[in-house]
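Reviewing the structure listed below.
Where a number appears in this text, it was derived from the coordinates with a stated rule and is not lab data. As the structure is a computational prediction, the values presented were derived from the model and not from experiment. We place every Cβ from the backbone using ideal geometry, glycine too, and count neighbours over all the protein chains shown.
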Amino acid sequence: MTKHPAPDLRDELVTASRILFMKDILDGFGHVSARDPEFPDTFLISRNIAPGLVTHADFMRLDFNGIDVEDSGHRPFLERFIHASIYRQRPDVNAIVHSHTPSVLPFSISKRKSLEPVMHMSGFLSGEVPVYEVRDHGHVGCDMLIRNSDMGDELARSLGDEAVILMRGHGMTVVAPDVRLAVFRAVYTEVNARVQAMALTMGEYTALTSEEALAADETNSAQNQRTWSLWETQVQNEVTR
Ligand SMILES: [Zn+2]
């Protein structure tokens, strides 16, 4: 397999990585990937490097077993199986973000409150946001990481048809039909988590109904170019708020 994917997808992933770092979704850890449209049974993801430092040359192409099909020599991420399994099980998914975002983590461990859409920008959280409990799959005393295809498949099955899954005491994984929408959803999952946590300190609150959430998501999915353009310009100019 010698044919290379269009370079613009790697550039888009560089921009996505830098946006997600700028927005505090990713820090020294976490990753974003995209299905390769030329070889849709493979995906592009950077080598094992901090997302804020990723460049065009850092990407590698993996298959759904997490194997580097081009023998790039790069060291892959340990948790590449998150991406591999979801792309295998969800043909509608073309981009994935995995992060350990601190504001989202409380909802992965709370026994009282689930993450739910509380604002119009996060209508994609409609339905139940699943939580992957690693212990429920027999992994007792493990390091919480998705280390192999079996664990990746468990996570993908737990995700079902949803856009976001939380991972207890670990982080979240966000999926979308394209890179820009995956970035949008990752950013607004984080914003929603902050808003919901603030509302919880005030007592009872009103979340969006599933109908409101679906209607808002349909509107916002057609609007995400606006946020992408802003964030892309910010990272290009290294302008931060
Ligand atoms: Zn992780």
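What does the extension gain come out to for SER110 and LEU78, with contour length at 0.36 nm per residue minus their alpha carbon separation? Provide the component values of the computation, followed by the final result.
Numbers: separation 32, 0.36 × 32 = 11.52 nm, distance 2.66 nm.
Net length gain for the segment: 8.9 nm.
Within segment 201-241, list the chymotrypsin sites (Phe, Trp or Tyr not before Pro) lying in a DSSP loop whose Cβ has at most 14 other Cβ atoms in a 10 Å radius. Working shown, then result.
Working: sites: TYR205, TRP228, TRP231; in loops: TYR205.
Within segment 201-241, the qualifying chymotrypsin sites (Phe, Trp or Tyr not before Pro) (loop, at most 14 other Cβ atoms within 10 Å) are TYR205.
In a GNM of the chain with a 10 Å cut-off on Cα contacts, which of ARG135, ARG88, ARG168 has the highest mean-square fluctuation?
In the Gaussian network model the winner is ARG135.
Quick check: pseudo-label points 7 Å beyond the Cα along Cα→Cβ at SER210 and VAL69, how many nm apart are they?
3.7 nm
With angles folded into 0 to 90 degrees, how steeply does helix 80-89 sit against the dominant principal axis of the chain? Use alpha carbons for both and round to 10.
80 degrees
For segment 75-146, just say rounded, prolate or oblate: build the C-alpha gyration tensor, square-root its eigenvalues into a ≥ b ≥ c, call rounded for a/c under 1.5, and beyond that prolate if a/b exceeds b/c, oblate if not. Don't jump to the answer; show the numbers that get you there.
On the way: a/c = 1.84, a/b = 1.18, b/c = 1.56.
Here segment 75-146 falls in the oblate category.
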